[in-house]
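Notes follow the structure.
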Amino acid sequence: MENITNAITLVPLNHYILLSSIIFFIGIIGVLTRRNAIIVFMSIELMLNAVNLLLTAFSAYRGDAAGQVFVFFIMAVAAAEVAVGLAIIVMIYRNNNSIDIDLLNKLKN
Amino acid sequence: MSSIIIIAITAIVVLYLGLYKVKSALLPVSVLGLLGAAASLVCVWDKNISYFNDMLVFNNYAIAFSILLIATTILIFLLSGNYFEKISSNVAEYYTILLFALSGGVVMVSFQNMSMLFIGIEILSVSMYIMAGIKKTDSASNEAALKYFLMGSFATGILLFGIALIYGATGSFNLVQIAGKASEQPLLFYAGVIFMLIAMTFKVGVAPFHFWTPDVYQGAPTLVSSFMSTVVKTAGFAAFLRLFGSAFTSVPAIWTVTLVVMVVLTLLIGNITAAFQQNVKRMLAYSSISHAGYMLIAILLLGQASPNAILIYSVAYSIASVASFGVMVAVKEQKGSDDLSAFNGLGRTNPVLAFVMTVALCSLGGIPLTAGFFGKFYIFGVAIAANYTWLIAIAVLMAAVGIYYYFKVIIAMYLRESENSESIQLSLAYKFVLIFCIMITILLGIAPALITNIL
């Protein structure tokens, strides 16, 4: 454990912040531009993983375990969210034979 | 804490009752469990107990909002009678999932640590994704579920990024410690605050992040929409205020401008779009956006009076929403539609239902002698105390627009003729909930002092 935290701190903190921010914004752009529900969903997971990386880096730099515990919370909750989300996507696919989110425009005035 | 445990255990018991096909026991057991949870909260009033290393703190603020959430859920359960049975055969799951959602809501109003905020929001949201899509073969329900799910998890991602940045800036997830170390690394901290602000406004449906709300409310089964617009919204605002009121008090300057713009946009978009709707359910969805705008005013000006103003507004809004959604469910069941024309002539065929709807809409519109008037009164009081008179001018103007579209329904009920003169038969529990909501609305409209000094 000690070795890992030392290894993490070999890279300057700013690099972690930059990397996480880039991954996070790739995720946001994916959510906003992609039209396939699964890919939108993957982009959201990318956003969550960017957060996990950032929390781990902060946690190692501060020598405080709380950040890493929070990462476990995120992983567990994200898994629950995946279960529900994929079920919803399967349900849509069964009814429409497609998971293109542009098909979802029936609820308009 | 015991209330969260009681609600979760009730949910599991109800699930097992469904397994053993004891359908008639589902509602009584759920309501009893909720009453027990509310009683356990009343017992710890004024005690300020904290749990798990200050992760959850049950102060009076948390208790008052938890009791409001539980009471609203009981009312919605009583309305559900045989509504859920008509949608699907798995009735126990509805009660279970709504109870789990409620336990998430209680965590959201009592958190003292960012991790509990996150867990509470997720328990509530994941349950609501399921509830929105509970009509498996209905395309509107499917669409609502997917939209709610994608937008909700997107907002969660933004929330988590904000939490991570704030953790980086302060080294803590505890609200009190965060407030103490706010100025250590201002750049990271401010970025985190903005991300959290965006995520929270997403969750409560404030413009410009409101676009999912009308679709989701319209697509979801009506009673689920009423749960979303009352319990979910109240829990969201209570968490919002708790977060900003205790952790970010030292840096209001960076969010005030953003929030003012959001308030004005929300009031304009919510009210003006609602005025053009022909579908009453969609109109109520837009009106719930506009109510989020009024409640946001209290968060904008974090003062001593804010918690109380939000509480009064939430009470008035929740009770009136339950009543209006309840009437809408009854009308839709008979006429098969929730368009404005379905309400034609309701005043003649069902005078009681029409009266309930009238009082509920008057309360939502903020007409004196109803609870909604005092809700708006105290919110505007907060703003006037902080010299935001121009904001009040816009808010009052928009409240007038609100009265216009609420009265469209009232006019349809009393002045239009209907083709169908059959009256709607209601069960006893249904009548009880509607009459109870109306009595509370009028009681608080005459004697607001009953709840104005709670917090």
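Annotations for the structure displayed:
- Within the span defined as segment B:260-274, one or more residues are of a type in the set (A, V, I, L, M), surrounded by fewer than 23 Cβ atoms within 10 Å (Cβ to Cβ) and free of Cβ contacts under 8 Å to residues at least 24 places away in the same chain.
- Residue in segment B:369-389 that is within 17 Å of B:Ser288 (Cα to Cα), basic (Lys, Arg) and crowded, with 21+ Cβ neighbours inside 10 Å present: yes
- Index of the failed condition, B:Ile198 passing every other in (1) free of Cβ contacts under 8 Å to residues at least 40 places away in the same chain; (2) open to solvent by 40 Å² or more (accessible area, probe 1.4 Å): (1)
- Counted residues, segment B:272-307 - those being polar (S, T, N, Q) and more than 20 Å from B:Ile367 (Cα to Cα): 6
- Look at segment B:394-405: where a residue is under 14 Å from B:Phe380 (Cβ atoms) and a partner is open to solvent by 10 Å² or more (accessible area, probe 1.4 Å) and hydrophobic (A, V, I, L, M, F, W, C), sitting 6+ places away or on another chain with Cβ atoms under 7 Å, you get B:Ile394/B:Val264; B:Ala395/B:Phe380; B:Met398/B:Leu268.
- Verdict on B:Met357 being under 21 Å from B:Tyr217 (Cα atoms), buried (at least 18 other Cβ atoms within 10 Å of the Cβ) and either in contact with a helix residue (DSSP H, G or I) (Cβ under 8 Å, 6 or more places away or on another chain) or modelled with pLDDT of 90 or more (or both): yes
Condition check ((1) in contact with a helix residue (DSSP H, G or I) (Cβ under 9 Å, 6 or more places away or on another chain); (2) facing chain A (nearest Cβ under 9 Å); (3) open to solvent by less than 10 Å² (accessible area, probe 1.4 Å); (4) free of Cβ contacts under 8 Å to residues at least 12 places away in the same chain) across all residues:
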| site | (1), (2), (3), (4) |
| --- | --- |
| B:Asn90 | yes, no, no, no |
| B:Leu98 | yes, no, yes, no |
| B:Ser115 | yes, yes, yes, no |
| B:Met128 | yes, no, yes, no |
| B:Ile134 | yes, no, no, no |
| B:Thr137 | yes, yes, no, yes |
| B:Ala140 | yes, yes, no, no |
| B:Lys147 | yes, yes, no, no |
| B:Phe154 | yes, yes, no, no |
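- Here segment B:170-190 is the region considered, the condition is being over 13 Å from B:Ala247 (Cα atoms) and more than 9 Å from every other protein chain (Cβ to nearest Cβ), and the residue that is surrounded by the most Cβ atoms within 10 Å (Cβ to Cβ) is B:Gln185.
Matching residues to (1) modelled with pLDDT of 95 or more; (2) among the charged types (D, E, K, R); (3) on the phi < 0 side of the Ramachandran plot:
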position	(1), (2), (3)
B:Ser2	no, no, yes
B:Leu19	no, no, yes
B:Lys23	no, yes, yes
B:Leu26	no, no, yes
B:Leu35	yes, no, yes
B:Asp46	no, yes, no
B:Tyr51	no, no, yes
B:Asp54	no, yes, no
B:Tyr61	no, no, yes
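- Test result for B:Ile394, open to solvent by 40 Å² or more (accessible area, probe 1.4 Å), under 22 Å from B:Ala292 (Cβ atoms), in a helix (DSSP H, G or I) and modelled with pLDDT of 90 or more: yes
- Residue match in segment B:54-67 (condition: farther than 26 Å from B:Val327 by Cβ, within 14 Å of chain A (Cβ to nearest Cβ) and surrounded by fewer than 24 Cβ atoms within 10 Å (Cβ to Cβ)): yes
- When we screen B:Ile442, B:Ile410, B:Ile435, B:Ile424 for residues that are open to solvent by 70 Å² or more (accessible area, probe 1.4 Å) and either part of a loop (DSSP other than H, G, I, E, B) or β-branched (Val, Ile, Thr) (or both), the only hit is B:Ile435.
- Residue in segment A:26-36 that is touching a helix residue (DSSP H, G or I) at 6+ places or on another chain (Cβ under 6 Å), touching a residue at least 24 places away in the same chain (Cβ under 8 Å) and of a type in the set (A, V, I, L, M, F, W, C) present: no
- B:Ile5 vs. criteria open to solvent by 60 Å² or more (accessible area, probe 1.4 Å), assigned to a helix (DSSP H, G or I) and under 23 Å from B:Phe111 (Cα atoms): yes
- Here B:Ala182 fulfils each of the conditions (1) in a helix (DSSP H, G or I); (2) farther than 23 Å from A:Ile89 by Cα apart from (1).
The values are calculated or read from the model by the stated rules, or taken from the named source; none is laboratory data. Please read these numbers as outputs of a predicted model, since none were measured by experiment. All Cβ positions, glycine included, derive from the backbone under ideal geometry; neighbour counts span all protein chains shown. Ligands, DNA and RNA are stripped out before the accessible areas are found, and what is left, the full protein with its side chains, is counted by its heavy atoms. Shrake-Rupley method; radii C 1.70, N 1.55, O 1.52, S 1.80 Å.
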